Amino acid sequence: MTQPQRVEHLATDKGSVPVYTTAVVDQPWDSYTATDHEVWRTLFRRQRELLQGRACREFLESQDAMGISEAGIPKFSDLNATLGPTSGWTLIGVQGLLPELDFFEHLANRRFPVTWWIRTPEQLDYLSEPDLFHDLFGHVPLLMNPVFADYMQAYGRGGVKAHGIGADALAQLTRLYWYTVEFGLIDTPEGLRIYGSGIVSSGGESVHCLESPAPNRLGFDLLRVMRTRYRIDTYQKTYFVIRGFDELFDATRPDFRPYYEQLATAPTFPAGAVLDADRVYHRGTGEGWAQDGDI
């Protein structure tokens, strides 16, 4: 195993540049400081309180079932002892952002990469790359859900194939990950709820996505999602809403090659666009669906 290092974006005269690493490392749990554990506790307490009535039941229950709590930074080995027998997934330690193909191959083999280091107290409210809190608090719990766990593996397998097709296919598949795994919403009997890790690990976006009148909340449609651009430097202008995790898994069953061929000549849409054919969730009310023209 490689000696763990903290790999973050590089500040240059052209702005912040992502740095990629392929290393798989052992979690250096004994080296976490009291400050590291306090950062975890602070983030955990405020997010769990905020997510009551906002996050989907499956996320909260899975997090509890895994034993992820405010007590301190969890050990990957302890979580794997629960996660493996439940869904066949294993957490592996990484140093930062992975190259696309490495990431896809890990997912395809039911290995989920978790950044081993946690942000500093000065980075509590914003960090430009995924850290341990984002990965572990946000991503890992839903790997306990059998349908979502299968979706993640199917996505990884699809990513390996897309990598061999070309840049356009990768961009289209990345949008699917962005608008589901990272920033997805789900329609439940209790109302609109969060499941995307980028939302559940962000205090501001947890409120914005459900309660702000600004963003669009559109019914999930695979090709619509794959044609929709996104922003990484602000709250999302559009969220796609699934009816259940089965909808995600069903969407990944077919071979995507015909989709890539179809989308090769199709225009993309700005992040905030709303089309006549879109199913729009009533903004901020949780009252259900309508065509955009009916709202």
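Rule-based calculations on the coordinates, nothing more; no lab input. Here the structure is a predicted model, which means the values were calculated and not measured. Quick reminder, even Gly has a Cβ in these numbers, built from the backbone with ideal geometry, and neighbours come from all protein chains shown.
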Cα principal axis extents for the stretch 28-158, largest first, Å: 38, 33, 26
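Just the Kirkwood number for the stretch 10-294, please: inverse of mean 1/r across all distinct Cα pairs, in Å, one decimal. Could you put the intermediate results ahead of the total?
Details: mean 1/r = 0.0513 Å⁻¹.
For the stretch 10-294, the Kirkwood estimate is 19.5 Å.
Tell me, in nm to one decimal, what length is gained between Arg157 and Asp255 on full extension, where the rule is 0.36 nm per residue of separation less the Cα-Cα distance?
On the way: separation 98, 0.36 × 98 = 35.28 nm, distance 1.06 nm.
The span from Arg157 to Asp255 would gain 34.2 nm if fully extended.
Return a whole-number percent for the relative contact order of the chain, with Cα pairs under 8 Å and 6 or more residues apart as the contact set. Write out the running numbers ahead of the final one.
On the way: 482 pairs, mean separation 48.5, N = 295.
With pairs under 8 Å counted, the relative contact order is 16 percent.
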Amide H proximity to Thr188 below 5 Å, modelled H, separation 5+ or other chain, gives Arg193
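Cα gyration tensor of the stretch 19-58, axes a ≥ b ≥ c as square roots of the eigenvalues: rounded (a/c below 1.5), prolate (a/b > b/c) or oblate?
Numbers: a/c = 2.98, a/b = 1.60, b/c = 1.86.
Taking the square roots of the gyration eigenvalues as a ≥ b ≥ c, the stretch 19-58 is oblate.
Test of understanding: what is the full-extension gain from Tyr20 to Gln262, defined as 0.36 nm times their sequence separation minus their Cα-Cα distance?
Numbers: separation 242, 0.36 × 242 = 87.12 nm, distance 3.14 nm.
Extending this stretch completely gives an extra 84.0 nm.
In whole percent, what relative contact order does the stretch 7-78 give with Cα contacts below 8 Å and a gap of six or more residues?
Details: 34 pairs, mean separation 22.0, N = 72.
This gives 31 percent for the stretch 7-78.
Just order 198-209, 251-262 by mean Cβ neighbour count inside 10 Å, highest at the front, would you?
Numbers: 198-209: 20.3, 251-262: 13.9.
Per-residue Cβ counts within 10 Å, averaged per peptide and sorted highest first, yield 198-209, 251-262.
How would you classify the stretch 210-261 from its alpha-carbon gyration tensor, with a ≥ b ≥ c the square roots of the eigenvalues: rounded for a/c under 1.5, else prolate if a/b is greater than b/c, otherwise oblate?
On the way: a/c = 3.02, a/b = 1.60, b/c = 1.88.
Cα axes put the stretch 210-261 in the oblate bin.
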Provide, in order from the shortest bin, the percent of all Cα-Cα pairs of the stretch 136-248 in each 5 Å bin, continuing until the bin that contains the maximum pair distance. 2, 11, 22, 25, 21, 13, 4, 1, 0
Output row, site Leu10, 7 Å Cα→C-beta label point, backbone N cut-off 19 Å, window the stretch 113-133, residues 128-130
The Cα extents of the stretch 138-196 along the principal axes, largest first and rounded to whole Å, are 41, 20, 18
Pull up all non-local amide H partners of His9: gap of 5 or more, or a different chain, and H-to-H distance under 5 Å with H placed in the peptide plane. Val19
For Leu97, residues with placed amide H under 5 Å, excluding near neighbours: Thr21
Once the Cβ-Cβ distance between Ala167 and Gln3 is put in as r, and R0 is 45 Å, what FRET efficiency do you end up with, to the nearest 0.05? 0.85
Considering only C-alpha atoms, what is the centroid distance from the stretch 60-112 to the stretch 183-203, in Å? 20
